[in-house]
Structure formats: C-alpha cells, structure tokens
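The values are calculated or read from the model by the stated rules, or taken from the named source; none is laboratory data. No experiment lies behind these values; they were computed from the predicted model shown. Backbone-built Cβ (ideal geometry, glycine too); neighbour counts: all protein chains shown.
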Amino acid sequence: MTSDAPGWDAIDAALERLYPGVEPKHYATLRKWSLGGADPLDGISFYARETPVPHWHIVSYGMSELYSAPNPDAEWSGWGYEFTFRVRRSPGETEPPVWAANFLQNLARYNFSSGNGFAANLQVDLNGPIALGYQTLIRAVAFVEDPELGTIDTPFGRVRFLQVFGLTLDEHAATQTWSVEAVLKLAAAYAPLFVTDLRRKSFTGIRDFADKVAAGRRRDGSSTGSLAVAEFAWLPDGDGYRLIVGAHAVERIAAILRGRLRFGRTFVVDGPDSSVEFSSGSYGLGAGNDSHILRIVLTDEALDHLTGVLVPLSGVSPVPEAPGLIVDVRQSLIRDSDGNVVERIG
C-alpha cells in the first residue's frame, strides 16, 4: 500500500478482497506518461488463477486517478475505469504474457492520445491478430464489466473494472449485425469469466450458438447505429453519387443495412472525411446543404439491390431501383504492424 497514492490503494484493496494474501507479479512503468514516457499505465498486475479455467487475471493502474484528483467532486475517477484482461494460461506457465501487458498499454495509449474512451458493450476490430507472433483467430475485442471486480468507490470517484474479451471476426460480425450485449451473453456459456483463449475456434462453429445468433438477427435486427470504416467515402458522379467502399467492409455494411433498415432504423457509415446516412422509405438521394453527409433513403427493392452489389469483389456497379447511385468496391490491403501487406481482399 502506498500512502501517497490513495487511488492505487483503493484498487489494491479491491484485489485483496478477491485474492487475500496473494502477491501478484507486477510490471511497473519506469518513466510515467506524465513525465514524457511512452506508456500511460503506471503498472500492471498479473494474478495466476486455476478456476474456472487456468488463466492470468490482469489489472491495470493508470486509467483512473491514482495520486490526486483535478476535480475532487467528480463522480468518476479519471477515465472512469481500469482495464482488466483474463488470458488462458498453459499448464505449468509461471511467467505472465508480456504481449497482454503491451496490448493494454496500446489501448491506454490510444485512449490518452485520441481522447476516445471505452465502455462496456463496445466492440473494436483490431485489424489483425490480438497478439503478434501468435497463430490465433482472435482479431477483435469487446468490453464487459469485470464479473468479479465490478465497480468500486475510491477517494477520487468511482472506478469500473473494464474487462477486455477477445473475439474472432465471425463473432465480431455477430455483435454488429445483432447485438454486442446479446452475443456476449451467449459467449459467457463457453468462456467462463470471459477468459480470452488465443487457441480457441470461433463460437459461431457451435450449432446452438450460431442458431441463436441467426434467430436474434431475425427477431431483433441490428443494434449498430453507426460504423466507422477507414476505406469509405462518397463523391458526386454526374447527376448522382458514387460510394467508394473497401472490399474488407462491404459484407459487414450489407448485413447491418439489412438489420437496420428492415426494422425502420437509420444506419450511418462514417469514413475519414465524409458520412452516409441510410434510412428506409420512398427513394431519395442527396447531400442537401451539408456537403459532408450524403443521405440515402431506400425502398425495400433498392435495399435488396444495394446489398446485392456490396460484395468483396473490386468493381463499379450501378444499383438497380436506386437511380443515380453507383457503388465502387476497391481492393483492401491488410497490413501487419510493420506495414507489410499480408492479405488482399477484392
């Protein structure tokens, strides 16, 4: 316990209740972010667990206020959470997975640099394997409240323990075309305490899981109201408009469109410089006075034709039943952390 760090002490106290008398393996940051260091987290603790499956329970220090509070009356401390992560542990494994610590530092670095925070039931496509150098299908994550640590009160405000859970791309697609919360509830039956296992196969290969996802999509549609896509834009094209979409994203966009518009819901796709808002009704197409947002209203027939041309094959296609709308699908290049092309789609 460190008397000059009341926020840190509060986290330690919560962990002591869960792991009485257990000394974790702890990695401390040598040069703090506030002093110009590269790592925002001041420390990361690893607890070796045997139940319900052998795993490392990993907890961060640094997303909340550890030493003092700029606003003493704030309801939430700092960003309002600390990260946790549960990673499957091999038999006899005694050294913590360094890649997991690096991953949490990368999440924190993005958070601090961009100002964009995380929350329960948020999902993120990692654009590659969660752990470089591992053969794994885990290429996305979702966030849940840690099922054992929950939310605590500290001297500087409340802190939620926000747990990272690794997803395959099929599972990630299910969270977008149906519901993050619903998919996570199904996953809990196969991943107790939301332990991430780099070696596992997709839950979508389990018949009961896949059937429930399909039934949920038919019943509920999609809860994804907006989607950020790096390879997405629109441009005026003659008397109409051209949608430019990377082949990597087209099937996702098509599935969410069906799950939104058929239920009377709008859907927004955000590219780096422009956005498109889709809705259902009498066909209409135009940017109006806002040159940033293109609004497309689709009949059921136009929706069918649009989703029909949103396939991962490079090419330009007009959309029947949607006069003036052209879809331009372009090849996507998937790169590794060094910028090397490892996959071409389309």
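Considering each residue of the range 156-181, count those that are over 18 Å from F118 (Cα atoms) and either of a type in the set (K, R) or buried (at least 19 other Cβ atoms within 10 Å of the Cβ) (or both), and give that number.
Filtering the range 156-181 for residues over 18 Å from F118 (Cα atoms) gives 156, 168-171, 173-174, 177-178.
Of the ones still in play, those that are also either of a type in the set (K, R) or buried (at least 19 other Cβ atoms within 10 Å of the Cβ) (or both) are 156, 168, 171, 173-174, 177-178.
The total comes to 7.
What single numbered condition from (1) touching a His at 6+ places or on another chain (Cβ under 6 Å); (2) closer than 22 Å to R160 by Cα fails to hold for R88?
(2)
Go through the residues of the range 167-175 one by one and say whether even a single one is part of a strand (DSSP E or B) and within 11 Å of the chain's Cα centre (by Cα). Spell out the reasoning first.
Step one: list which residues in the range 167-175 are part of a strand (DSSP E or B), which gives 167-168.
After this cut, where a residue has to be within 11 Å of the chain's Cα centre (by Cα) as well, the list is 167.
Looking through the range 167-175, at least one residue is part of a strand (DSSP E or B) and within 11 Å of the chain's Cα centre (by Cα).
I'm trying to understand the selection: among the residues of the range 147-169, which are at pLDDT 95 or above and closer than 30 Å to R207 by Cβ?
Passing the criteria: P147, Q163, V164, F165, G166, L167, T168.
Examine the range 96-111 for a residue that is surrounded by 13 or more Cβ atoms within 10 Å (Cβ to Cβ) and assigned to a strand (DSSP E or B), and state whether such a residue exists.
no
If we scan the range 165-180, do we find a residue that is in contact (Cβ under 8 Å) with a residue 60 or more places away in the chain, on the phi > 0 side of the Ramachandran plot and assigned by TED's automatic domain parsing to the domain that holds D12?
Scanning the range 165-180, I find no residue that is in contact (Cβ under 8 Å) with a residue 60 or more places away in the chain, on the phi > 0 side of the Ramachandran plot and assigned by TED's automatic domain parsing to the domain that holds D12, so the answer is no.
So, in the range 228-253, exactly how many residues are buried (at least 16 other Cβ atoms within 10 Å of the Cβ), hydrophobic (A, V, I, L, M, F, W, C) and under 19 Å from the mean Cα position of the chain (by Cα)?
5
What are the residues in the range 38-66 that are farther than 19 Å from F161 by Cβ, in contact (Cβ under 8 Å) with a residue 40 or more places away in the chain and assigned to a loop (DSSP other than H, G, I, E, B), if any? Please lay out each step first, then the result.
In the first step, residues of the range 38-66 are kept if they are farther than 19 Å from F161 by Cβ; the result is 38-39, 50, 53-54.
When the remaining residues are screened for being in contact (Cβ under 8 Å) with a residue 40 or more places away in the chain, the result is 38-39, 53.
Residues satisfying the conditions are A38, V53.
Look at F85 and say whether it is in contact (Cβ under 8 Å) with a residue 12 or more places away in the chain, crowded, with 21+ Cβ neighbours inside 10 Å and within 18 Å of the chain's Cα centre (by Cα).
yes
Would you be able to say whether some residue in the range 129-138 is in contact (Cβ under 8 Å) with a residue 60 or more places away in the chain, aromatic (F, W, Y) and outside any loop (DSSP other than H, G, I, E, B)?
The answer is no, given that none of the residues of the range 129-138 is in contact (Cβ under 8 Å) with a residue 60 or more places away in the chain, aromatic (F, W, Y) and outside any loop (DSSP other than H, G, I, E, B).
With the checklist (1) exposed (fewer than 13 other Cβ atoms within 10 Å of the Cβ); (2) farther than 24 Å from P6 by Cβ in hand, flag the one item D73 doesn't pass.
(2)
Could you list all residues from the range 224-250 that are among the acidic types (D, E) and under 19 Å from L313 (Cβ atoms)?
Within the range 224-250, just E231 meets the criteria.
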